[in-house]
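What follows draws every value from the coordinates through simple rules; no lab data is involved. All figures in this text were calculated on a predicted structure; none of them were measured in a lab. Cβ sites come from the backbone with ideal geometry, for glycine too, and all protein chains shown count toward neighbours.
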Amino acid sequence: MSKIEELLSQKILILDGAMGTMLQEYKFSEEDFRGKRFADWPVSLKGNNDLLSITQPEAIATIHRKYFEAGADIVETNTFSGTTIAMADYQMEELVYELNYESARIAKKVAEEVTAEDPEKPRFVAGAMGPTNKTASMSPDVNDPGFRAISFEELKVAYKQQAKALIDGGVDVLLVETVFDTLNAKAALFAIDELKEELNVDIPVMVSGTITDASGRTLSGQTAEAFLISISHIPLLSIGFNCALGAKQLTPHLEAVARNTEFGVSAYPNAGLPNAFGEYDQDAQEMSNQIKEYLEKGLVNILGGCCGTTPSHIQAIAEIAKEYKPREIKFQRHAELVSASQTTNN
């Protein structure tokens with residue numbers, strides 16, 4: 001059993017907040033994204049945040065350190081778009097291994113430095129594996145519902161390359177996050193399983209889905225419980241939700257998962273819902289007050305923040321989480337459950 005697995009039942013682990021929100025404060029220009037190495041790249045690179053692990057590594061390291069100092073036990077690598085699929089937008093497919101490796105190396109170095117300063121509180125790195133910008137279970141063309149922009153095999157190959165680089169870079173856990181299509185997540189999990197066998201490693205895996213709107217379903221149409229059942233055949237460190245919703249709106253979906261899983265439960269919601277300008281107005285105190293409901297109900301083992309959250313949000317969450325015990329990890333299944341878009345009892 002890894003150290004992070006041991007700690008999961010002893011305390012509520014704190015995940016970091018939004019990398020993108022923090023990077024926006026730097027107001028990096030096109031030239032900043034390019035650096036000297038990519039000065040003559042044929043397409044625009046502004047907005048390729050993953051690339052900043054190569055061109056602006058000091059900024060990435062500083063952000064990781066700020067989250068650790070705010071109370072985070074785990075930081076995510078700067079690799080949300082680190083697949084050949086997503087990097088195709090920037091014609092940077094060949095750089096995928098380097099992007100992931102460098103992002104993992106930077107985060108791990110900071111984690112080791114901060115842990116050395118406070119050995120009683122070990123810090124960890126989660127290798128972030130985003131959903132890609134394509135979906136395997138739905139057609140992007142309303143006039144051709146049978147069309148798919150990507151296949152399961154293509155996703156598996158891309159995720160396997162990313163996971164390999166993250167593991168080589170030193171991550172402690174792999175995080176398949178912001179899952180809007182469970183088939184995409186299954187491709188990632190299948191790739192990780194293959195890789196674990198080939199490398200003879202037993203790295204823990206977290207999965208975090210996203211409920212896209214008030215319907216209470218993922219983009220591919222699954223309820224929270226159906227999503228859980230679809231991937232519960234694979235041993236996981238945790239399962240939960242992030243993004244799309246604020247803490248208050250996420251509560252019923254966490255409840256659905258928490259009462260039906262033997263895994264740890266994670267939650268890292270947005271800082272409320274976006275305003276008319278797409279910005280997040282919820283401050284740290286308001287967000288932590290809403291997250292308190294998770295703690296009072298004993299729903300979670302891992303807590304953090306997504307869009308709009310900063311070190312101040314994480315500090316407030318970490319402070320309130322100290323007062324509560326983690327969700328007890330136990331499970332009794334009383335019926336056979338199957339799922340497609342929703343749950344069916346047999």
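Charged side chains reduced to their Cβ positions (Lys and Arg at +1, Asp and Glu at -1) give the range 3-345 a dipole of some 500 debye around its Cα centre. Taking the average, over residues, of other Cβ atoms within 10 Å as the packing measure, peptides 199-211, 217-229 rank 217-229, 199-211 from highest down.
Excluding residues fewer than 8 places away in the same chain, name every one of the lysines whose C-alpha is closer than 22 Å to that of LYS160. Candidates past the 8-residue exclusion: LYS108, LYS134, LYS186, LYS196.
With contacts taken as Cα pairs under 8 Å at a separation of at least 6 residues, the range 116-170 carries a relative contact order of 28 percent.
Under the shape rule built on the C-alpha gyration tensor, where the axes satisfy a ≥ b ≥ c, the range 95-157 is prolate, since a/c reaches at least 1.5 and a/b is greater than b/c. Which lysines have a Cα lying under 19 Å from the Cα of LYS11, excluding residues fewer than 8 positions away in the same chain? Within reach: LYS3, LYS121, LYS292, LYS297, LYS322, LYS325, LYS330. Between GLU31 and SER2, the modelled labels are 4.2 nm apart [label points 7 Å from Cα along Cα→Cβ]. Residues HIS253, HIS313, arranged from fewest to most other Cβ atoms within 10 angstrom of their Cβ, appear as HIS253, HIS313.
Going by neighbour counts of Cβ atoms within 10 Å, the residues THR309, THR55 line up, fewest first, as THR55, THR309.
Computed from backbone phi with θ = phi - 60° and the Karplus coefficients 6.51, -1.76 and 1.60, the 3J(HN,Hα) list for the range 35-46 is x, 6, 4, 10, 4, 9, 4, x, 10, 5, 10, 4 Hz; x is used for glycine and proline. Each DSSP beta bridge with both residues in the chain is either parallel or antiparallel, and the antiparallel ones are about 15%. What value, in deg cm²/dmol to 500, does the helix sum -39500 (n - 2.57) over DSSP H runs of n ≥ 4 give at 222 nm once divided by the residues of the chain? Calculated mean residue ellipticity at 222 nm is -12500 deg cm²/dmol. In terms of its alpha-carbon gyration tensor, the chain comes out rounded; the largest-to-smallest axis ratio a/c stays below the 1.5 threshold. When +1 charges are put on Lys and Arg Cβ atoms and -1 charges on Asp and Glu Cβ atoms, the dipole computed for the range 263-335 relative to its Cα centre reaches about 560 debye. When the range 3-345 is described by a simple charge dipole with +1 on each Lys and Arg Cβ and -1 on each Asp and Glu Cβ, the residue from ALA88, LEU155, MET206 located farthest towards its positive end is MET206. Per residue, the average separation of C-alpha pairs within less than 8 Å and at least 6 apart gives the chain a relative contact order of 19 percent.
FRET efficiency for the pair VAL43 and GLN10, taken as 1/(1 + (r/R0)^6) with r the Cβ-Cβ distance and R0 = 30 Å, rounds to 0.05. Across the alpha-carbon atoms of the range 162-275, the computed radius of gyration and Dmax are 14.3, 47 angstrom. The label-point distance for SER215 and THR115, in a model that sets each label 7 Å from Cα toward Cβ, rounds to 4.2 nm. Sequentially through the range 211-222, phi angles give Karplus couplings (6.51, -1.76, 1.60; θ = phi - 60°) of 8, 7, 7, 5, 5, x, 10, 6, 4, 7, x, 8 Hz, Gly and Pro residues having no value and appearing as x.
Fully extending the segment from ARG259 to ASP89 would add 57.2 nm, taking 0.36 nm per residue of separation and subtracting the current Cα-Cα distance. Each of CYS306, CYS243 has some number of other Cβ atoms within 10 Å of its Cβ, and from fewest to most they run CYS243, CYS306.
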